[in-house]
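Visitor: Please see the structure below; I have some questions.
The values are calculated or read from the model by the stated rules, or taken from the named source; none is laboratory data. Everything numeric in this text was worked out from a predicted model, so none of it was measured. Cβ sites come from the backbone with ideal geometry, for glycine too, and all protein chains shown count toward neighbours. Remember, those area values only see protein heavy atoms, side chains included, never the ligands or the DNA or RNA. Shrake-Rupley method; radii C 1.70, N 1.55, O 1.52, S 1.80 Å.
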Amino acid sequence: MISSHAYLSGLFSLDGRTAVVTGGSSGIGRAVAGALARAGAGVVVVARRPEELAATVDELTADGCRAAWVAGDLGSREGVRAAAEEAAAVFGEPDILVNSAGINLRPPMGELGEDVWDATMAVNLEAPFLLGQRFGPGMAERGFGRIVHISSQQAHRAFVHSGAYGVSKGALESLARSQAEAWSPYGVTCNTLVPGFVMTPLNRRLSSDPERVAALAARTMTGRNGLAEDFAGAAVFLASRASAYVTGQSIHVDGGFSVH
């Protein structure tokens, strides 16, 4: 009889896999990077701030994980390309790409300027597209790949000045479907995780309003707002062999926020 450990390892282990996680030094990205590394993958964390990157990687290597970091600017095409090449040089071409980096600039629509629009689209949409173009074909050629995007409730509903941010996340979910159409016949799944309200640095503005935080928690079915670690299991599932028949999907990890 097969042991439960062997069975679960066969389904979910990431031993021998390589992952690149953007935005992996804080919030949901950091939790996902940690989950993938502890599940066995060699993880390269890409973000802007070297001190946060080093702290993230130091924590993982102290746990015996294979991890490294690349400081990069995902707000320009040149920066994305440079970060991609540097990341691929660490453990080799990635089997898993997680796009968690994002910026959250949400002025009222009437005050939304082209500068905010361009900056938002560059990081939230164009960087995931360019990274997919760089790594997706290689995954397809090798017969295995996992692309996971981190989206937002504002891809589906407008509230608290969705503006360019909501548009970028809606387009990101469409990008996942386009990538799935292109590469899933070759063993590459492409999916999106959709958080509810999560207490992370990206949501610092809302987090500082206790009444708004309480109202958002009350809207969930679990009675609480999300934590970064709530995404660990879903991320390992989508990165592993277990999710081979799940692609082009937007999977809500939101405590039931989106159900009503």
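Visitor: Taking the condition assigned to a helix (DSSP H, G or I), free of Cβ contacts under 8 Å to residues at least 24 places away in the same chain and more than 23 Å from Ser26 (Cα to Cα), does Glu211 pass?
Guide: The answer is yes for Glu211.
Visitor: Looking at Val188, Val123, Val160, Val148 in this structure, which one is out of contact with any Gly (no Cβ under 9 Å at 6 or more places or on another chain), at pLDDT 95 or above and β-branched (Val, Ile, Thr)? Before you say what the answer is, go through the steps one by one.
Guide: On the way: Val188 fails: out of contact with any Gly (no Cβ under 9 Å at 6 or more places or on another chain); Val123 fails: out of contact with any Gly (no Cβ under 9 Å at 6 or more places or on another chain); Val160 fails: at pLDDT 95 or above.
Going through Val188, Val123, Val160, Val148 in turn, the sole match is Val148.
Visitor: I would also like to ask the following. Is it fair to say Glu93 is surrounded by fewer than 21 Cβ atoms within 10 Å (Cβ to Cβ) and part of a loop (DSSP other than H, G, I, E, B)? Outline the logic, then answer.
Guide: Values: surrounded by fewer than 21 Cβ atoms within 10 Å (Cβ to Cβ): yes; part of a loop (DSSP other than H, G, I, E, B): yes.
Answer is yes for this residue.
Visitor: Suppose the filter is without any contact (Cβ under 8 Å) to a residue 40 or more places away in the chain and touching a helix residue (DSSP H, G or I) at 6+ places or on another chain (Cβ under 7 Å); does Gln133 pass it?
Guide: So Gln133 does not fit the description; no.
Visitor: Also, I was wondering about something else. I want to confirm something. Restricting to the stretch 120-146 and keeping residues that are of a type in the set (Lys, Arg) and out of contact with any Asp or Glu (no Cβ under 7 Å at 6 or more places or on another chain), which single residue is farthest from Leu105 (Cα to Cα)?
Guide: Going through the qualifying residues, I end up with Arg142.
Visitor: To continue, here is another question. Among the residues of the stretch 144-152, are any open to solvent by 20 Å² or more (accessible area, probe 1.4 Å) and in contact (Cβ under 8 Å) with a residue 12 or more places away in the chain?
Guide: Among the residues of the stretch 144-152, at least one is open to solvent by 20 Å² or more (accessible area, probe 1.4 Å) and in contact (Cβ under 8 Å) with a residue 12 or more places away in the chain, which makes the answer yes.
Visitor: List, please: which pairs have Cβ atoms under 8 Å, are six or more places apart or on different chains, and start with a residue in the stretch 1-15 that is closer than 17 Å to Ile96 by Cβ and end with one that is of a type in the set (A, V, I, L, M, F, W, C) and open to solvent by 50 Å² or more (accessible area, probe 1.4 Å)?
Guide: That search, which allows pairs on different chains as well, returns Phe12/Phe237.
Visitor: Additional query: Quick one: Cys65 ticks every box in (1) surrounded by fewer than 18 Cβ atoms within 10 Å (Cβ to Cβ); (2) in a loop (DSSP other than H, G, I, E, B) except a single one, so which number is it?
Guide: Going through (1) surrounded by fewer than 18 Cβ atoms within 10 Å (Cβ to Cβ); (2) in a loop (DSSP other than H, G, I, E, B) one by one, Cys65 breaks only (1).
Visitor: Quickly run through the stretch 153-206 and pick out the residues that are assigned to a helix (DSSP H, G or I), among the basic types (Lys, Arg) and either touching an Asp or Glu at 6+ places or on another chain (Cβ under 8 Å) or open to solvent by 30 Å² or more (accessible area, probe 1.4 Å) (or both).
Guide: Arg177, Arg204, Arg205, listed by residue number.
Visitor: Could you identify the single residue in Arg219, Arg212, Arg157, Arg134 that is of a type in the set (Lys, Arg) and under 26 Å from Ala39 (Cβ atoms)?
Guide: Within the list Arg219, Arg212, Arg157, Arg134, the selection yields Arg134.
Visitor: For the stretch 216-255, enumerate the residues that are open to solvent by 60 Å² or more (accessible area, probe 1.4 Å) and assigned to a helix (DSSP H, G or I). Write out each step before concluding.
Guide: Step one: list which residues in the stretch 216-255 are open to solvent by 60 Å² or more (accessible area, probe 1.4 Å), which gives 218-219, 221-222, 224, 227, 229, 237, 241, 244-245, 249, 252.
Passing the criteria: Ala218, Arg219, Glu229, Phe237, Arg241.
Visitor: Can I ask one more? Touching a Phe, Trp or Tyr at 6+ places or on another chain (Cβ under 8 Å), more than 24 Å from Leu125 (Cα to Cα) and among the β-branched types (Val, Ile, Thr): which single residue out of Val32, Val44, Val57, Val20 fits that description? Walk me through how you get there before you give the answer.
Guide: Values: Val32 fails: more than 24 Å from Leu125 (Cα to Cα); Val44 fails: more than 24 Å from Leu125 (Cα to Cα); Val20 fails: more than 24 Å from Leu125 (Cα to Cα).
The match here is Val57.
Visitor: Is there any pair with a first residue in the stretch 231-250 that is under 22 Å from Ser178 (Cβ atoms) and touching a residue at least 40 places away in the same chain (Cβ under 8 Å) and a second that is hydroxyl-bearing (Ser, Thr, Tyr) and outside any helix (DSSP H, G or I) whose Cβ atoms are under 7 Å apart and which are 6 or more apart or on different chains, and what are they?
Guide: Pairs that qualify, where the first residue is under 22 Å from Ser178 (Cβ atoms) and touching a residue at least 40 places away in the same chain (Cβ under 8 Å) and the partner is hydroxyl-bearing (Ser, Thr, Tyr) and outside any helix (DSSP H, G or I), are Ser243/Thr189; Ala244/Thr189; Val246/Thr189; Thr247/Thr189; Ser250/Ser151; Ser250/Thr192.
Visitor: Return the residues of the stretch 16-56 that are in a helix (DSSP H, G or I), under 15 Å from Ala87 (Cβ atoms) and open to solvent by 10 Å² or more (accessible area, probe 1.4 Å); say none if nothing qualifies.
Guide: Pro50
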